[in-house]
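Since the structure comes first, as structure tokens, the remarks are kept for the end.
The values are calculated or read from the model by the stated rules, or taken from the named source; none is laboratory data. Here the structure is a predicted model, which is why all the values come from computation and not from measurement. Please note: Cβ atoms are built from the backbone with ideal geometry, for glycine as well, and neighbour counts cover all protein chains shown.
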Amino acid sequence: METEPAILALAALAQSTRLDVFRLLVKHEPEGLAAGEIAKALAVPQNTMSAHLAVLSRAGLVSARRISRSIVYRADLARFQAVMSFLVNDCCQGRPEICAPLIESITPCCPPKRKGKAHAGSHV
């Protein structure tokens, strides 16, 4: 990831309502939520919510899909991962000891998935 897209994504999340929207959409993955449901859940007027969703969309953090008369938004978790990876890799600059405490702090919450099949008798 280049610097400019990372800045755009971070700037989009640097506003409380947009951060709340992104967090709400992450909780509703993979189904997503209709724009009206997002506005209602966060008690934000629909026209204001449309502006916030447009900023998040331009930053690549959310995607939209029309379903009948509704526009359903989803968090783009791959883009979010790319932004976070950019920050960690850029900050560490080949020195893993710098970012090791960060990686350790998020691992209990989100342990990496094991690759391949589990061995007989092992617990996953």
Inset, instruction - Return yes or no: is residue 85 among the hydroxyl-bearing types (Ser, Thr, Tyr) and either assigned to a helix (DSSP H, G or I) or within 15 Å of residue 13 (Cβ to Cβ) (or both)? - result: yes
Inset, instruction - Specify which of the listed residues (64, 100, 78) is at pLDDT 90 or above, part of a helix (DSSP H, G or I) and small (Gly, Ala, Ser). - result: 78
Legend entry - Test result for residue 57, at pLDDT 90 or above, within 21 Å of the chain's Cα centre (by Cα) and not in a loop (DSSP other than H, G, I, E, B): yes
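Residues are listed down the side, and each one gets a yes or a no for (1) under 21 Å from residue 84 (Cα atoms); (2) over 15 Å from the mean Cα position of the chain (by Cα); (3) outside any helix (DSSP H, G or I); (4) charged (D, E, K, R):
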position	(1), (2), (3), (4)
5	yes, no, no, no
9	yes, no, no, no
19	yes, no, no, no
26	yes, no, no, no
29	yes, no, yes, yes
40	no, yes, no, yes
49	no, yes, no, no
Legend entry - The lone exception for residue 76 - which of (1) touching a helix residue (DSSP H, G or I) at 6+ places or on another chain (Cβ under 8 Å); (2) within 12 Å of residue 22 (Cα to Cα); (3) surrounded by 15 or more Cβ atoms within 10 Å (Cβ to Cβ); (4) not hydroxyl-bearing (Ser, Thr, Tyr) it fails: (1)
